[in-house]
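The values are calculated or read from the model by the stated rules, or taken from the named source; none is laboratory data. These figures come from a predicted structure and were not determined experimentally. Cβ: placed from backbone, ideal geometry, glycine included. Neighbour counts: every protein chain shown. Accessible surface is based on the protein model in full, side chains and every heavy atom, while ligands, DNA and RNA are left aside. Shrake-Rupley method; radii C 1.70, N 1.55, O 1.52, S 1.80 Å.
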Amino acid sequence: MPIVKANAYGHGLERVALELQSAGAKWFGVARIEEALFLREIGIHSGILVLGYTPPARVAHAVNKDISLTVYDCYVLKEYAAQAQGLQEIIKLHAKIDTGMGRLGIMLKEATDFLKYISDNECLRLEGIFTHFACADEPDKDITHMQINNFNQILKEIKKHGIATPLIHCANSAGAINFPQARFDMVRAGIALYGHPPAQSTHLPSEIFPAISWKTRLISIKQLPAGYGVSYGHRYHTKQEERIGVIAVGYGDGLRRRPGNQVLIRGKKVDIVGTVCMDQSMVQLDDLPEAQIGDEVVIMGRQNGAEISATDIADQWETINYEIICGLAARMPRYYLNGK
Ligand SMILES: *Cc1c(COP(=O)(O)O)cnc(C)c1O
């Protein structure tokens, strides 16, 4: 189950989903009903699971478009049942168990009754059972082992009660890589699918590399005199006469408005100086006399053997690579190069 929530982790939902479907994806995972409906609109006919909350009022939309919903709470489950009853339709559900994440999921001690309620109700179909790992990307494996044990306990329990065993899934990218025993019927791969490691300690096979690069161009170059203020608030002043370039990227594109950013031009790392603006940023070009207007600027990706990875940017911004790619603004055009 490729996970394509958040605009396919910033990569562009439509093209990514269609490409994955032609590559054979049988299921798609999204966070919101709107994302699921969009997938149907563009011609995705595989299974679609909404991993997050769906308001009961939208059950009709889900049923209508054959979208499967996650349930993790008795109150909401009963609301879904009432909706399905009213529509005289069957709604497909994946029950989420909290085996130790402390987020969405029915608690272990309530799980069996919860699953029985679904399987006994004619308007509900238990299509899947799943859980989610909290620490599958951490070097310490104890917590994940505990979660897997808890999950297996529930699976044993439902077998005992004669509840038909539906699709069983557990693992995110880190889980699928680090805990092969947790792959069950399906894995929910997000970050690794896009070619980024889930964490510093979880390595991807070497043939997997980032699908996306983030690029712009150098759009202005000027010699500024010594002591000249650069960008809003004049937080940077030239120390001597300096060669300052302007690049067409800013916080409106997802580049963070904070000091210390770097980009690649002609295979060299150069500093962004002064405050990042909404649509532009300034770069220090004294070490790059050969730079010209129109030069390719790489914010994330490779250029002439040099690289700035999503993880490098994440380290600089004190966050994780997930947030870097999810933060790529919708206004930037995505160009798909089909493996080139
Ligand atoms: C986002 C998400 C995933 C994917 O996680 P990755 O770490 O990106 O592989 C899997 N399962 C659920 C429930 C999610 O919300």
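Points worth noting:
- Residue in the stretch 186-199 that is surrounded by fewer than 18 Cβ atoms within 10 Å (Cβ to Cβ) and either more than 13 Å from the ligand (Cβ to nearest atom) or basic (K, R) (or both) present: no
- Some residue of the stretch 148-163 being touching a strand residue (DSSP E or B) at 6+ places or on another chain (Cβ under 7 Å), within 16 Å of the ligand (Cβ to nearest atom) and under 16 Å from A134 (Cα atoms): yes
- Restricting the search to strands (runs of 3 or more DSSP E) fully inside the stretch 153-267 and requiring at least 2 residues that are under 19 Å from the mean Cα position of the chain (by Cα) and more than 30 Å from L93 (Cβ to Cβ) gives an empty result.
- Residues satisfying the stated conditions in the stretch 57-72, i.e. more than 16 Å from the ligand (Cβ to nearest atom), open to solvent by 20 Å² or more (accessible area, probe 1.4 Å) and closer than 27 Å to M101 by Cα: R58
- If you filter the stretch 1-19 down to residues that are surrounded by fewer than 21 Cβ atoms within 10 Å (Cβ to Cβ) and away from the ligand (no atom under 14 Å from the Cβ), you find that the one that is farthest from T54 (Cα to Cα) is E19.
- Scanning the stretch 283-332 for residues that are farther than 19 Å from Q200 by Cα and among the acidic types (D, E) returns D286, D287, E290, D295, E296.
- Any pair with Cβ under 6 angstrom, 6 or more apart, that starts in the stretch 186-210 at a residue that is on the phi < 0 side of the Ramachandran plot and ends at one that is among the hydroxyl-bearing types (S, T, Y) and open to solvent by less than 10 Å² (accessible area, probe 1.4 Å): A189/S173; G190/S173; I191/S173; A192/S173; P198/S173
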